[in-house]
1. Any residue at all in the stretch 154-176 that is among the aliphatic types (A, V, I, L, M) and over 30 Å from ILE8 (Cβ atoms)?
2. Could you look through the stretch 105-125, keep only residues that are loosely packed, with under 14 Cβ neighbours inside 10 Å and in a loop (DSSP other than H, G, I, E, B), and pick out the one that is modelled with the highest pLDDT?
3. PHE20 is checked against (1) farther than 15 Å from VAL129 by Cβ; (2) in contact with a helix residue (DSSP H, G or I) (Cβ under 8 Å, 6 or more places away or on another chain); (3) among the aromatic types (Phe, Trp, Tyr) and fails just one. What number does that condition carry?
4. Looking only at the stretch 145-158, which residues are over 16 Å from VAL129 (Cβ atoms) and surrounded by 14 or more Cβ atoms within 10 Å (Cβ to Cβ)?
5. Answer yes or no: is there a residue in the stretch 37-50 that is under 26 Å from VAL88 (Cα atoms), of a type in the set (Val, Ile, Thr) and in contact with a Cys (Cβ under 8 Å, 6 or more places away or on another chain).
6. Could you tell me which numbered condition ALA15 fails, if it satisfies all but one of (1) farther than 21 Å from LEU123 by Cα; (2) surrounded by fewer than 19 Cβ atoms within 10 Å (Cβ to Cβ)?
7. Name every residue in the stretch 160-206 that is among the β-branched types (Val, Ile, Thr) and crowded, with 17+ Cβ neighbours inside 10 Å, in order of residue number.
8. Please determine whether any residue of the stretch 173-190 is touching a helix residue (DSSP H, G or I) at 6+ places or on another chain (Cβ under 6 Å) and closer than 22 Å to GLY84 by Cβ.
Amino acid sequence: MSGDLRQIIESLLFAYATLFPIVNPIGGAPVFLAMTADCTSELQATLAKRIAINAFFLMMASVFIGTYVLDFFGLSVPVVQVAGGIVVCSAAWALLKADADARNPTGPPPVGAEIATRAFYPLTLPLTVGPGTITVAITIGANHPMTVRALVDHSLGQIAGVFLVAATIFVCYLYAERMLRRLGTTGTSVLVRLSAFILFCIGVQIAWNGVAGLLASVGVIYGR
């Protein structure tokens, strides 16, 4: 195996292994299913595709220009974590309090602009690609090799790794209904509630990491 190919594969595996546990599309599948209960199977497939595409470009932007965007707006990673954690907690709390009837409405399914809007917020951001994922992606992108050739190989591997994560999201969301159908109505409801609670805990953890980072920076500033 040539050195270039090895560098690409190593970068691919590193990006995928780092991002996949944070994105957790398998755990997000029941949440996706609950939040698209008013959609037909065809619309759910469309949403799954759009979410995967949105997630790919969002992760790519975080990897390659995330640090520059934060610097431009004068933002720090802990601030992003606090704000993102609050958003995640809000979405998870709404899902926890949702009634069974709300997840199985009798009204007309959403169409057009509503589908596109929902595909990005909240299904892509923050439920699929949340502040934790963005933070990890920014960290991945902040460590680049010095030589141009190694940088190109490294970048190609990262692009491939992000693409595989997005493809995994698409597959998990596309077949979410089939995976959960065997659980039945009660089992699915329990799993959705459990996933929502875990999502809430993740939001609290993300926010706390941000608060800890801010407190640590205050201690550094005042020499404590």
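The values are calculated or read from the model by the stated rules, or taken from the named source; none is laboratory data. Fair warning: this is a prediction, and the values are worked out from it, not measured in the lab. Don't worry about glycine lacking a Cβ; one is built from the backbone with ideal geometry, like all the others, and counts go over all protein chains shown.
1. Yes, the conditions are met somewhere in the stretch 154-176.
2. TYR121
3. (1)
4. Residues satisfying the conditions are PRO145, ALA150, VAL152, ASP153, HIS154, SER155, LEU156, GLY157.
5. Checking the stretch 37-50: not a single residue is under 26 Å from VAL88 (Cα atoms), of a type in the set (Val, Ile, Thr) and in contact with a Cys (Cβ under 8 Å, 6 or more places away or on another chain).
6. The one condition ALA15 does not meet is (2).
7. VAL162, VAL165, THR168, ILE169, THR188, VAL192, ILE202, ILE206
8. Yes: one or more hits.
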